[in-house]
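Take a look at the structure set out below.
The values are calculated or read from the model by the stated rules, or taken from the named source; none is laboratory data. Because the structure is predicted, anything quoted here is derived from the model rather than measured. Note: ideal-geometry Cβ built from the backbone for every residue, glycine included; neighbour counts use all protein chains shown.
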Amino acid sequence: MIWVSERLYKAQIPIFLQAIFILLMLVEFFFTVPKSIIDLNVTLRSFVPIVSAAAIMLGVVLLTISHIKKISSRGEGWYYSIIYLASLIITASFGLISVRDFTFRWIYNNMTAPIGVALYSLTAFYITSAAYRVFRARNFDATVLLVCAFIVLMMLIPVGAAILPPVVPVGEWLRSFPSSAGFRGMIIGTSLGIIGLGVRILVGRQREHLGIREEGRG
């Protein structure tokens, strides 16, 4: 209990600061404020890239420590950790010399960028697998979803419109009305969730990012 109380006490300052920053940004957005508050908010927003860069550096340090521990303990896949450390050292070395260095740009253009594209392309297989599981006509709702997806898919591919011309107006109607309505409903729900999370953070009820699960948990 004493340890939890100390953590709660240490959390008061971050909660107080984040409440002040949130209120400053909200007041500037919704009301007409003096120029001094606008200048203060501009200064505060200029710290965002600095804090983001510091967070990335902290993540790199913690990830590196984790890989070093895995190598020392010969954990599962420890040889991948060696590849990570070698890549980090080589890329960081050339990057510190100059980000315009030919070798650094070659590493980025011919290794980092293609790897990112390959990882992103793997999501297509997961989407296909998920679509196969979802678009199985097990009940009425799944059947409607399957039929609508088939119509829209046939509308988007050229051969589909040539084989079944009626799918074009039906597919356009599906995209313009039911699909747009569902998407807007999802956006509204997401926005309400973000507002609720912001209110919880503002009043100090959301403390997970401070390492505290619940205020009364001990």
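The table for this structure:
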{"quantity": "Selection from segment 148-189 of residues that are among the β-branched types (Val, Ile, Thr) and surrounded by 13 or more Cβ atoms within 10 Å (Cβ to Cβ)", "calculated": "Ile151, Val152, Val167, Val168, Val170"}
{"quantity": "Residues of segment 186-218 classified as modelled with pLDDT under 70, part of a loop (DSSP other than H, G, I, E, B) and either in contact with a strand residue (DSSP E or B) (Cβ under 9 Å, 6 or more places away or on another chain) or not aliphatic (A, V, I, L, M) (or both), total", "calculated": "7"}
{"quantity": "Candidates Arg105, Arg138, filtered to the one that is under 30 Å from Ala92 (Cα atoms) and among the basic types (Lys, Arg)", "calculated": "Arg105"}
{"quantity": "Filter result (among the polar types (S, T, N, Q), assigned to a helix (DSSP H, G or I) and within 30 Å of Pro178 (Cα to Cα)) within segment 111-155", "calculated": "Ser121, Thr123, Thr128, Ser129, Thr143"}
{"quantity": "Number of the condition not met by Ile56 [criteria: (1) surrounded by 11 or more Cβ atoms within 10 Å (Cβ to Cβ); (2) under 30 Å from Leu26 (Cα atoms); (3) under 20 Å from the mean Cα position of the chain (by Cα)]", "calculated": "(1)"}
{"quantity": "Candidate set from segment 99-110 (those that are part of a helix (DSSP H, G or I) and surrounded by fewer than 13 Cβ atoms within 10 Å (Cβ to Cβ)); member that is nearest to the chain's Cα centre (by Cα)", "calculated": "Asn109"}
{"quantity": "Segment 66-98, residues that are of a type in the set (Gly, Ala, Ser), out of contact with any Phe, Trp or Tyr (no Cβ under 6 Å at 6 or more places or on another chain) and assigned to a helix (DSSP H, G or I)", "calculated": "Ser66, Ser72, Ser73, Ser81, Ala86, Ser87, Ala92, Ser93"}
{"quantity": "Members of segment 108-139 that are modelled with pLDDT of 80 or more and among the aliphatic types (A, V, I, L, M)", "calculated": "Met111, Ala113, Ile115, Val117, Ala118, Leu119, Leu122"}
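Each row is one residue, and each column tells you yes or no for (1) among the aromatic types (Phe, Trp, Tyr); (2) in contact (Cβ under 8 Å) with a residue 24 or more places away in the chain; (3) under 30 Å from Tyr84 (Cβ atoms).
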position: Ala113; (1), (2), (3): no, no, yes
position: Ile127; (1), (2), (3): no, no, yes
position: Asp141; (1), (2), (3): no, no, no
position: Cys148; (1), (2), (3): no, yes, no
position: Pro158; (1), (2), (3): no, no, no
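Yes/no matrix, rows are residues, columns are (1) touching a Ser or Thr at 6+ places or on another chain (Cβ under 7 Å); (2) surrounded by 10 or more Cβ atoms within 10 Å (Cβ to Cβ); (3) among the hydrophobic types (A, V, I, L, M, F, W, C):
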residue	(1), (2), (3)
Thr64	no, yes, no
His67	yes, yes, no
Glu76	no, no, no
Ile83	no, yes, yes
Ala86	no, yes, yes
Ser93	no, yes, no
Leu96	no, yes, yes
Pro114	no, yes, no
Tyr120	no, no, no
